[in-house]
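Novice: I'd like to ask you about the structure that follows.
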Amino acid sequence: MATTHTCSSENCNEPAKMQCPSCVKLDIKEGSHFCAQECFKKSWVTHKKIHKQVQVAKKISSGPLTWDGFTFTGELRPWPQSPTRIVPKHIPRPDYAGDGNPKSERATRSRPIKQLNEEEIQKMRTCCRLGREVLDECAKIIAPGVTTDEIDRVCHEAAVARDCYPSPLNYHFFPKSCCTSVNEIICHGIPDGRALKDGDIVNVDITVYYDGMHGDLNETFLVGNVDDESLKLVTTTYECLDKAIQACKPGERYRDMGNIISKHAHANNFSVVRSYCGHGIHSEFHTAPSIPHYSKNKAPGVMKPGHCFTIEPMINQGVWGDVHWPDNWTAATQDGKRSAQFEHTLLVTETGVEVLTARLPTSPAGKQWFQSVSNADDTSGGDNATAAEAK
């Protein structure tokens, strides 16, 4: 018996008598039938977007890529990427959005650590809350079979829906709206057509720009059933961040964060990445201070009320060294073993520290395996299990 269809044109329920020729070629069935040429032509502007979406989906799922002469350290491979997503014109942009060059950031590189005033602090609170909401939207979809490109789409749409510019987009020409780092990728993984697999771990790094400020955070998520060693790695990484946050207060030296993080990581037989560090953040995406996560570092500076910065330890199962992929962004572990990371944007207060990117009561819950982790004593009441949540 032949299947009957109704016209796909808006507000038309007449029986369909024809099918879009392009949809036939692309094997698109839903939304491809029309009652007559008149309805087909009337719907063409919106209908043709379906063709583009299907073509992009087929392209990015076509299989992994390789680079001639490059030896990968682990099993992960790059996949094709979708086109760069567009930010609506009405949304204010950082100065690098057009040409990839963070000009104001370069100009302020040698200036002392900025102490934010009350107006700037309120702006940071708002921006960081929006960043948290965006990451929570991404967390909701993480599961086996979901591509990292889909995570980027959700990130991008959640950001622009809140009138935020996704800060990574075109920063030094980064092509996507967030970073997704899977398994042996330490950081700066570019979202692509690879689908997450059962047993993966994936870090999603979000930054949004709103009202002249940047808010930065990331979490490592468990995908399906993760092995015990990976669970230990992710747990330990969260604990490293938590212990560092608890030590933040006026008068604390920035270099001491590395001693705290390294002590806990090494006690669990993991290593601390030395190539990347926490950083100051406010109207500039990256600025003073620099906060290394490894011990015996020489970072200058002492915490003062109004200082705003990130702590974002990257912890490896094996050696701490990294290898860059030829895409000029993706940093993989030198030995191909797994890496995990967590990050918060923090504000030093008169009495301690406030976690600006703390989880919200509405943040999605999963496996609550951080119950034994104490939270930072901050004015927002602690982070309430900022964590890698298994979906």
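The values are calculated or read from the model by the stated rules, or taken from the named source; none is laboratory data. Computed from a prediction, not measured in an experiment: that's the story for all the values here. Reconstructed Cβ throughout: ideal geometry from the backbone, glycine too, with neighbour counts over all protein chains shown. The accessibility values were calculated without ligands, DNA or RNA, using every heavy atom of the protein model including side chains. Shrake-Rupley method; radii C 1.70, N 1.55, O 1.52, S 1.80 Å.
Novice: Along the positive direction of the dipole of the chain (beta-carbon charges: Lys, Arg +1; Asp, Glu -1; about the Cα centre), which of Val348, Pro92, Cys277 reaches farthest?
Specialist: Pro92
Novice: What number comes out for accessible area per residue over the range 119-232 if the probe is 1.4 Å? Units Å², please. Write out the running numbers ahead of the final one.
Specialist: Details: 3270 Å² over 114 residues.
That works out to 29 Å² per residue.
Novice: Separate question: Pairs Lys123/Lys176; Lys243/Lys304; Lys140/Lys176: which exceed 21 Å Cα-Cα? Display every interim value, and only then the final one.
Specialist: Values: Lys123/Lys176 25 Å; Lys243/Lys304 19 Å; Lys140/Lys176 19 Å.
Those over the limit are Lys123/Lys176.
Novice: Another question, then. Report, in debye and to the nearest 20, how large the dipole of the chain comes out about its Cα centre when Lys and Arg carry +1 and Asp and Glu carry -1 on their Cβ. Walk me through the numbers on the way to the answer.
Specialist: Numbers: 44 positive and 48 negative charges, 168 e Å.
It comes to approximately 800 debye.
Novice: Which whole number of Å³ per residue matches the convex hull of the alpha-carbon atoms in the range 54-143?
Specialist: On the way: hull volume 21.7 nm³, N = 90.
Per-residue hull volume (Cα only) is 241 Å³.
Novice: Report the Rg/Rh value for the chain, based on alpha-carbon coordinates and the Kirkwood definition of Rh.
Specialist: Numbers: Rg = 22.9 Å, Rh = 22.2 Å.
Rg/Rh: 1.03.
Novice: Moving on to the next point. May I ask you to compute the full-extension gain from Lys197 to Leu360, defined as 0.36 nm times their residue separation minus their alpha-carbon distance, rounded to one decimal in nm?
Specialist: Values: separation 163, 0.36 × 163 = 58.68 nm, distance 2.78 nm.
Full-extension gain reported as 55.9 nm.
Novice: Also, quick follow-up: Give the Kirkwood hydrodynamic radius (Å, one decimal) of the range 250-295, defined as one over the mean of 1/r across all pairs of different Cα atoms.
Specialist: On the way: mean 1/r = 0.0877 Å⁻¹.
Roughly 11.4 Å, rounded to one decimal.
Novice: Spit out the partnerless Cys residues in the chain, using Cβ distances under 4.7 Å as the pairing rule.
Specialist: So, Cys39, Cys127, Cys128, Cys138, Cys164, Cys179, Cys187, Cys240, Cys248, Cys277, Cys308.
Novice: Moving to a separate point now. So which residue, out of Asp152, Asp200, Asp99, gets the largest mean-square fluctuation from a GNM of the chain using Cα contacts under 10 Å as springs?
Specialist: Comparing Asp152, Asp200, Asp99 in the GNM, the peak value goes to Asp99.
Novice: Would you mind telling me which residue in Thr126, Thr310, Thr220 has the biggest mean-square fluctuation in a Gaussian network model of the chain, where springs connect alpha carbons within a distance under 10 angstrom?
Specialist: Result: Thr126 has the largest fluctuation of those listed.
Novice: Another question, if that's okay. Under the 0.36 nm per residue contour assumption, what length would be gained going from the current alpha-carbon distance of Gln37 and Phe173 to full extension? Mind showing how you got there, number by number?
Specialist: On the way: separation 136, 0.36 × 136 = 48.96 nm, distance 4.35 nm.
Net length gain for the segment: 44.6 nm.
Novice: Calculated FRET efficiency, Ala267 and Asp99, Cβ-Cβ r, R0 41 Å, to nearest 0.05? Can you show the working numbers first?
Specialist: Numbers: r = 46 Å, r/R0 = 1.11.
E(calc), rounded to 0.05, equals 0.35.
Novice: Another question, if that's okay. So what's the range 293-348 giving for Rg/Rh, alpha carbon basis, Kirkwood Rh from the mean inverse pair distance? Spell out each step's value before the answer.
Specialist: Numbers: Rg = 14.6 Å, Rh = 13.7 Å.
Looking at the range 293-348, the ratio lands at 1.07.
Novice: Let me ask something additional. Ratio of alpha-carbon Rg to the 2.2 N^0.38 Å globular estimate for the range 156-244, to two decimals, please. Before the final figure, lay out the partial values.
Specialist: Working: Rg = 14.5 Å, N = 89, 2.2 N^0.38 = 12.1 Å.
For the range 156-244, the normalised Cα radius of gyration is 1.20.
Novice: Would you work out what percent of the accessible area of the range 60-217, with all protein chains in place, is carbon or sulfur (probe 1.4 Å)?
Specialist: 50
Novice: Report the extension gain between Asp211 and Ile141 in nm, rounded to one decimal, defined as 0.36 nm multiplied by the number of residues separating them, less their alpha carbon distance. Before the final figure, lay out the partial values.
Specialist: Numbers: separation 70, 0.36 × 70 = 25.20 nm, distance 2.78 nm.
Fully extending the segment from Asp211 to Ile141 adds 22.4 nm.
Novice: Something else now. Looking at Gln19, Pro166, Tyr210, which one has the Cα that reaches farthest to the positive end of the dipole of the chain (charges on Cβ: Lys, Arg +1; Asp, Glu -1)?
Specialist: Towards the positive end, the residue furthest out is Gln19.
Novice: Given R₀ = 51 Å, FRET efficiency for Val319-His90 by Cβ-Cβ distance, to 0.05? Mind showing how you got there, number by number?
Specialist: Details: r = 47 Å, r/R0 = 0.92.
In this case the efficiency is close to 0.60.
Novice: Here is a further query. Show the residues, 5+ positions off or on another chain, whose built amide H is closer than 5 Å to the amide H of Gly278.
Specialist: Amide H neighbours of Gly278: Ile291, His293, Glu312.
Novice: Related question: Please list Trp79, Trp320, Trp325 in order of solvent-accessible area, largest first, computed with a 1.4 Å probe with all protein chains present. Intermediate values should be presented prior to the final figure.
Specialist: Numbers: Trp79 60, Trp320 110, Trp325 20 Å².
Highest to lowest solvent-accessible surface, that is Trp320, Trp79, Trp325.
Novice: Related question: Leaving out ligands, DNA and RNA, and with a 1.4 Å probe, what % of the accessible surface on the range 250-358 is carbon or sulfur? Mind showing how you got there, number by number?
Specialist: Numbers: 1890 of 3840 Å².
Exposed carbon and sulfur together represent 49 percent of the surface.
Novice: Can you pull the semi-axes for the range 247-371, root of five times each eigenvalue of the Cα gyration tensor, sorted largest first, whole Å?
Specialist: Values: eigenvalues 120, 72, 50 Å².
In descending order, the three semi-axes are 24, 19, 16 Å.
Novice: Let me ask something else. Over the range 96-222, with a single point scatterer placed on each C-alpha, what log10 of the ratio I(q)/I(0) does the Debye formula yield at q = 0.13, 0.18 1/Å?
Specialist: -0.55, -0.97
Novice: Return the FRET efficiency for the residue pair Thr66, Ser275: r is the Cβ-Cβ distance, R0 is 35 Å, and the value is rounded to the nearest 0.05. Could you put the intermediate results ahead of the total?
Specialist: Details: r = 24 Å, r/R0 = 0.69.
Step by step, r from the Cβ atoms, then E = 0.90.
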